[in-house]
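> Here it is, the structure, as structure tokens.
The values are calculated or read from the model by the stated rules, or taken from the named source; none is laboratory data. Here the structure is a predicted model, which is why all the values come from computation and not from measurement. Here the Cβ positions follow ideal geometry from the backbone for every residue, glycine too, while neighbour counts run over all protein chains shown. Heavy atoms of the whole protein, side chains included, go into the accessibility calculation; ligands, DNA and RNA do not. Shrake-Rupley method; radii C 1.70, N 1.55, O 1.52, S 1.80 Å.
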Amino acid sequence: ACLENLAEEFKAFAQARQWYSQIRYLDRSGQELVRINYKSGHAYIVDDARLQNKKHRDYFQRGIVLGPGQSFLSPFDLNIENKRIQVPFEPTLRLAAPVYEQEAQEPAGIVVLNYDGRRMLNLMAASEDLTNKHLLFLTHEGYWMRGLNAQDEWGHVVPSREKSRFQPQFPQEWARINDRPEG
């Protein structure tokens with residue numbers, strides 16, 4: 001009953017916010033106990049049979065070792081389901097925070113919010129329409145997250161695109177970016 005109540009709370013939150021493609025509670029072993037998916041304006045509770053173990057994912061490994069009140073924000077990447085990158089791509093940022101029971105020394109699990117990164121990329125596109133300028137978005141290593149060609153994007157997570165970077169196309173600009181501490 002407790003997990004059912006939590007699922008209903010997460011579902012109401014996801015429906016109200018509409019920013020999160022997933023909201024999850026994972027136990028200490030990385031097993032999803034509750035997952036809410038938000039898609040096409042509708043939040044729904046994922047059936048138990050479709051819940052996954054995420055113990056090998058960085059957001060779980062980094063989140064489960066945090067102390068009370070701490071959180072982990074993942075790098076911007078693509079959503080993965082059943083060990084495969086979802087297609088069409090779902091750009092995602094994950095916020096993970098441990099859940100502690102009263103006076104417990106170790107977390108009972110973690111809560112993970114998947115922010116739908118398409119919202120941010122859509123805002124960039126809308127800004128382009130207003131400014132008549134093409135906005136580019138890079139990782140700190142120079143991989144395209146939003147570039148001149150969609151086929152070059154997400155090379156830091158899509159193996160077939162790993163050679164697509166900003167530097168070879170714009171070496172002088174990349175040198176200037178790297179010479180500044182703020183990027």
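> Would you rank 33, 113 by solvent-accessible area, highest first, keeping every protein chain in place and using a 1.4 Å probe? Mind showing how you got there, number by number?
Details: 33 60, 113 30 Å².
Of 33, 113, the descending order of accessible area is 33, 113.
> Please give the net charge around residue 23, taking every other residue with its beta carbon less than 12 angstrom from that of residue 23, where Lys and Arg add +1 and Asp and Glu add -1.
Values: positive: 11, 17, 24, 35, 94; negative: 8, 9, 32, 116.
Charge balance in the 12 Å sphere: +1.
> Summing -39500 (n - 2.57) over the DSSP H runs of n ≥ 4 in the chain and dividing by its residue number, what mean residue ellipticity at 222 nm do you reach, to the nearest 500 deg cm²/dmol?
Details: 5 runs with 49 residues, N = 183.
It comes out at -8000 deg cm²/dmol, rounded to the nearest 500.
> Which order do 101, 81 take by accessible area at a 1.4 Å probe, largest first?
Details: 101 120, 81 30 Å².
In descending accessible area the options line up as 101, 81.
> Let me ask something else. What's the magnitude of the charge dipole for the chain around its Cα centre, counting Lys and Arg as +1 and Asp and Glu as -1 at the beta-carbon? Answer in Debye, nearest 20. Show your work: numbers first, answer last.
Details: 23 positive and 24 negative charges, 84 e Å.
The dipole magnitude comes to about 400 debye.
> Okay, next question. Report ³J(HN,Hα) in whole Hz for each residue of region 120-133, in order, from the Karplus equation J = 6.51 cos²θ - 1.76 cosθ + 1.60 where θ = phi - 60°; Gly and Pro get x.
5, 5, 5, 5, 5, 5, 5, 5, 4, 4, 7, 9, 6, 10
> Within the accessible area of the chain, what % is carbon and sulfur when the probe is 1.4 Å and the other protein chains stay in place? Intermediate results must be reported in sequence, preceding the final value.
Values: 5790 of 11430 Å².
That share works out to 51 percent.
> Need the list of lysines near residue 83 for cross-linking: C-alpha distance under 25 angstrom, and skip anything on the same chain fewer than eight residues off.
11, 39, 54, 55, 163
> Under 10 Å, Cα contacts only: if you run a Gaussian network model on the chain, which one of 135, 26, 51 comes out with the highest mean-square fluctuation?
The residue with the greatest mean-square fluctuation here is 135.
> Taking amide hydrogens as modeled 1.01 Å from N in the peptide plane, which residues meet the under 5 Å criterion relative to residue 53, leaving out close sequence neighbours?
32
> Relative to the longest principal axis of the chain, what angle (0 to 90°, nearest 10) does the C-alpha long axis of helix 2-17 take?
So the inclination is approximately 30 degrees.
> Using the Kirkwood radius over Cα pairs, work out the Stokes-Einstein diffusion coefficient for region 85-183 at 10 °C and 1.306 mPa s, in µm²/s as a whole number.
Details: Rh = 16.1 Å.
Diffusion coefficient, whole number: 98 µm²/s.
> Which distance in Å, rounded to a whole number, links the C-alpha centroids of region 106-120 and region 130-161?
Region 106-120 and region 130-161 have Cα centres separated by 23 Å.
> Contact order normalised by length for the chain, with contacts defined as Cα pairs under 8 Å and 6 or more residues apart; what percent is it? Numbers along the way, then the final one.
Values: 318 pairs, mean separation 27.5, N = 183.
Reported relative contact order: 15 percent.
> Can you work out the accessible area per residue across region 110-150, with the rest of the protein chains kept in place, probe 1.4 Å, in square angstrom? Don't jump to the answer; show the numbers that get you there.
On the way: 2370 Å² over 41 residues.
Here the per-residue accessible area is 58 Å².
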